[in-house]
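Trainee: There's a structure below that I have some questions on.
The values are calculated or read from the model by the stated rules, or taken from the named source; none is laboratory data. All values derive from a computational prediction rather than experimental measurement. In this analysis, Cβ positions are derived from the backbone assuming ideal geometry, glycine residues included, and neighbour counts consider all displayed protein chains.
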Amino acid sequence: MKRISILGSTGSIGLSTLSVAESFPERFQVIALAAGKNLETAFEQARRWKPRVISIAAEAHAETLSDRLKQAGLSEIEVVYGTAGTIRVATHPEADFVVSAIVGVGGLEATYAAVKAGKTLGIANKECLVAAGELITAEARKHGKPLLPIDSEHNAVHQCLRGGRMNEVERVWLTASGGPFLDTPSSQFHLITVAQALNHPTWKMGKRITIDSATLMNKGFEVIEACRLFELPPASISVLVHPQSTIHSMVEFVDGSILAQFSLTDMRLPILYALTYPERIQSDMRFHVNDLRHLDFRPPDMDKFPCLRLAYEAAEAGGAKTVALNAADEVAVAAFLEGSIHFDEIPGIIEDAVRASNTGALQSIAEVLEADAEARRYTRKRISKTLESRTTSV
Ligand code: MG
């Protein structure tokens, strides 16, 4: 029986993880849950899974949740909140596997705490690896614990890497669906609406990652994620646009052999792989090979999608530059989602923020969070300036 804690239980990956746990009740026990802002879902999850501890984001929700659990006769479930609450879930002594699925750097401290506490980590939170991948992977190595990627591409790479030794790897090929604007001329990018950007062709995901997929920043983050997870330089990670998203990624070895992983586009599969690694267990997620007709591939257009280029540059520089890349993107995407900036303004804003950020490695999570806050301040100011110039020019 694997005892799991989930950071981000009410998000898309959290829900899929619970669905996997539901399908294999004899294998998984849910020990602790860290929910987000959704009080109702948090309550339902606590009632269904009866974890030892549940954490909720807002302090104001904690009391309500606690009262409702008492009324439901579940007063033994401890209710905690905020960052301290998430850390408590991440380091619960009874948990041996932690799923890190909080979107953004909000999950960073808890994710790092889990690795530091010697937990095996299933990592879906790519922002943690973008901002603090060097620190997290060093800590995991120190404890001799694997970091199991849940991001579908990295999960695929992890599977393919089992076909050879690390020093036999020539190149990692990360596939990209290309997002909803693959064939939209860049001259029309100015007119892209939030609804269009949220309409991803192959994957159903949270809002931020869906916008990041539309700008290709998500793929850029995944390049950095791959560099950190597999300790490879950016030059040995290539992105390949593959609109069907059937092949989740590939590894090319020095002898010229290329191993690819393909399966259903269903996040429950990488989650199941991470949760049961190094075993594989029987599932009903079948891919019908007979239905396969054609697979298309083409190189990405970095002029049309500058975010991918920015990510390669930040990956090369490392440290504070990748922190700024992630922070600026989060702020810019939020501004786009609330309708204050245009889709085609996102890359320029991020580029300025990364350029303005410090260089050099960061030594601690506190330093990462400081650099993150600094980049956010800069980006907000940069966006305000954009908005001001727009009102004055009207
Ligand atoms: Mg991915």
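Trainee: Just to confirm my filter: which strands (runs of 3 or more DSSP E) fall fully inside region 139-252 and include at least 3 residues that are within 13 Å of the ligand (Cβ to nearest atom)?
Mentor: In region 139-252, the matching strands (runs of 3 or more DSSP E) lie at 169-176.
Trainee: Here is a follow-up. Looking at Asp372, Asp284, Asp329, Asp344, can you tell me which residue is in the same structural domain as Thr193 (by TED's automatic domain parsing) and over 21 Å from the mean Cα position of the chain (by Cα)?
Mentor: Asp344
Trainee: For the subset of region 105-127 comprising residues that are modelled with pLDDT of 95 or more and within 16 Å of the ligand (Cβ to nearest atom), which member is surrounded by the most Cβ atoms within 10 Å (Cβ to Cβ)?
Mentor: Ala124
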